[in-house]
Each structure stands twice: as C-alpha cells, then as structure tokens.
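Reading through the structure tokens given below for one structure.
The values are calculated or read from the model by the stated rules, or taken from the named source; none is laboratory data. The shown structure was predicted, so the numbers you read here are calculated from the model rather than taken from an experiment. Accessible surface is based on the protein model in full, side chains and every heavy atom, while ligands, DNA and RNA are left aside. Shrake-Rupley method; radii C 1.70, N 1.55, O 1.52, S 1.80 Å.
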Amino acid sequence: MRRFPRENGLSLAFGALFLVTLGAQALVGHADFNHDQVAHQSETVSLGRYLTSSAFWVDVMENWQSEYLQFTLFVLGTVWLVQRGSTESKPLGKEGGESDEDQRLGAHVRPDSPAWARAGGLRTALYSNSLLAVMALVWVASWAGQAVTGRVEYNARQFEHQEAALTLGQYVTTSDFWNRTLQNWQSEFLAVGSMVVLSVVLRQRGSPQSKPVGASHAATGAEG
Amino acid sequence: MHAPRSLIACCAALLAGATTGCGGGEDRAQARGVVARFQAALEGDRPGIACRQLSAAARAQLEEQAGSSCARALPELGLTPGAVVRVEVFVTNAKVDAAGGDSAFLDREPTGWKLSAVGCRAVDGKPRDRPLDCALKA
C-alpha cells in the first residue's frame, strides 16, 4: 500500500493541491459574488448555484486555457527551438523530430515500448504527437469554455447597465474577452521564459528541473 | 513541466460543466410574468400593483424624480405596453423585449425578479454598445 503513494507522489501531491485550491477558489469566489450581489441589492445565491454559474466557470476556464496553451506551446516549441545551457532544452543539434533510433521507433523499438509505438503506420504517427494533441485539445476546449461562460457573465453586466446582450461571435471580439485571455497568456509565457533562462545559471539540488549543482552553465538538457 | 495524466482527465471531465450558468426556463418564465403583471396593472389602471413589480431602487428613483408617490408618478411615464417577444436571462439579470420596441431590465432580488429599468429604447445614431435610453432606471 505504501508503494503506490511513494511511486506517484508527484501526481498525488499536485492532484490534491489542485482540488484543495479549486475548492478554496469556489468558497472565496462565492463570498465575493454574494458581496457584489448585496452591494447591488440583488439576490444572493447558494454555493451550489454559484458552482453551476458562469460567474464561477469563467474564472476557472480562463486560467485553465492559458495553462494548457503554455504546455502546448512548450511541447511544440521544444521540438524545434533550443536554449544553450537550459534544462528545458534538448542538446543543441537535436532540433526537429529526431531519428527513429533516437525516438526508439521502427527497427529500434524495444519489448517494453508502448503498443502504438510498435504498431507502425498511422497509429504510431498519432501516438508520436499524442501529448501535443491532447494538450492542444484541452486548450481549445477550455478557451471555448471561457468564451461561452465569459459571454454569460459579460451579458449579465450589460443588463445591469441597460445595454444589449452580445452574441458569442460579438463577445469574442470584445476587450473583455481578450483582456481575460491576454492577462493569463503573458504570465504563462513569462513563467516559461524565466524557467528556460534561469535554469541556465541557477540550481536546485535534487530537482530534475535543475542541472546538477556542479554542472557547467553551458551543459544543455542535463538533469540533476 | 510534466502535467500528471490524472490532472488532464480531471480537467476534461470538469470542462463538461463549463457551459452552464445561463438563466433557466423557470427564470425566463418568472421574468416574463413580472413584465406581464406590470403591463396588465398599467392597462387596468392599477398602478399600485405595477409599482410592486419595480425594484426598491427603481421605485425610489421614480418617487424622487417625480416628487410624488410611485402610484401617482408611474402612469405619467407614458409607457406603451406591448406583447413580450423576447426574454433573455444571464445569471441574475434579465431583459424583456416587447413588440412595440420597448425593453425592460430586471434584477433578481431576494423577493424575486423585479424591474430595474422600464421603457428602454435604443437611440437612433447611438452605437449599439451604448446603454439604452430608459423612461425609468434605478
């Protein structure tokens, strides 16, 4: 029983952190929403109603979409772009899809290779891009979710000010939609860029996100 | 930089709930009912009942701008009742459009849906994203 949590500690810890912080966001978001309702002499809502409202989901979606865009671009970008000295980069000269030997495909598959890696043809082609595809799919879905829930929230405020409601097509051209989008994108790109650059010269003993403490600044793709 | 698979699966499952939040059929029916009662009361010369469909803030605004009671001031607004042609509800706000071109806005207050603005019309030459001009608004 102890083996499972020890071997999956990273997933379990971040899964737990996700659920705890999502729950905390729900509670404080509910309090904040009702505070605003009282200020406008409007009806307060139950936690259950708040959790099924666009007011809650737009805040969740706008953050999810930016995280998955970050991973999508990072997975894609690191295929073709390198950074000398960074743990987030593969070694210089390895840009691109790499050889079958490097990727353990074709004649180089191993007995423990995943079935779709051994299958060849379309299945291997799909599996070769499955991480990027899933990340991109979740990004697009959550960005669409942001648009749908953001429009509902936006139109509620439109009505508060005796303004007309917008269609989804109109809403995605508004400054509200793009402000929600870009304020998240810029922070994600800053975080990724910082990690790429800082990992060249800074170290964290024991972390695979860092080079070994004694590794050269020029060592690229080394993990401690 | 590796996202746990369980996290992805969890996110995908929760995404299914992301599109909820629009007003349901019950909210639309209640908002339509408030406007219907408001119009019927005005047409039946029962302004007291019509006033009870207004939000507290709208009623106070009317009484302040008219310098008289809501029941006296409301008929003076010259509102033109018309059949409800469209009801839109977003979270706790609603807009009801009537056949004559007038619109009414409603807020969901602790006592139910109440009119926060009535006799609202888009003004010619004004951009669509500007507030409608209303005979009364809170």
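Taking θ as phi - 60° and the Karplus parameters 6.51, -1.76 and 1.60, the scalar couplings of the stretch B:95-110 work out to 9, 10, 9, 10, 4, x, x, 7, 10, 10, 10, 10, 10, 8, 9, x Hz in sequence order, x denoting glycine and proline.
When chain A is treated as a Gaussian network with alpha carbon springs shorter than 10 Å, the biggest mean-square fluctuation among A:Phe18, A:Phe189, A:Phe33 belongs to A:Phe18. Helices assigned as whole DSSP H runs in chain A whose Cα atoms extend at least 27 Å along their own long axis and whose mean Kyte-Doolittle hydropathy is 0.0 or higher are found at A:9-39, A:54-80, A:130-160, A:175-201. Of all the options A:Trp178, A:Trp57, A:Trp116, the one that moves most in a Gaussian network model of chain A with Cα springs shorter than 10 angstrom is A:Trp116. Helical runs assigned H by DSSP (4 residues or longer) give chain A a calculated mean residue ellipticity at 222 nm of -21500 deg cm²/dmol, each run adding -39500 (n - 2.57) before division by the residue total. Chain A packed on chain B takes about 3600 Å² of accessible surface away from a 1.4 Å probe, both sides summed.
Determine how large the accessible area of A:His30 is when every protein chain is in place; take a 1.4 Å probe and give Å² rounded to the nearest 10. Approximately 40 Å² for this residue. Backbone geometry of the stretch A:206-217 corresponds, through the Karplus equation with coefficients 6.51, -1.76 and 1.60 at θ = phi - 60°, to 3J(HN,Hα) couplings of x, 9, x, 7, 10, 6, x, 4, x, 6, 5, 4 Hz, x marking Gly and Pro. Max-minus-min Cα coordinates of chain A on each principal axis give 67, 41, 40 Å, with the largest extent listed first. Using the Karplus relation 6.51 cos²θ - 1.76 cosθ + 1.60 with θ = phi - 60°, the per-residue 3J(HN,Hα) values for the stretch A:95-111 come to 4, x, x, 6, 7, 4, 5, 4, 8, 6, 10, x, 6, 9, 5, 10, x Hz, with x marking Gly and Pro. Amide H contacts of A:Ser86: A:Gly221, each under 5 Å away and 5 or more positions distant or on a separate chain (H built 1.01 Å from N in the peptide plane; Pro and chain starts excluded).
Annotation: amide H of B:Val91 within the under-5 Å range of B:Gly23, sequence separation 5 or more or interchain, hydrogens built in the peptide plane. Taking amide hydrogens as placed 1.01 Å from N in the peptide plane, the amide H of B:Ser116 sits under 5 Å from those of B:Ser55, B:Phe105, B:Leu106, B:Asp107, each at least 5 positions away in sequence or on another chain.
Which value in Å is the Kirkwood Rh of the stretch B:22-137 over different Cα pairs? Provide the component values of the computation, followed by the final result.
Values: mean 1/r = 0.0704 Å⁻¹.
Answer for the stretch B:22-137: a Kirkwood hydrodynamic radius of 14.2 Å.
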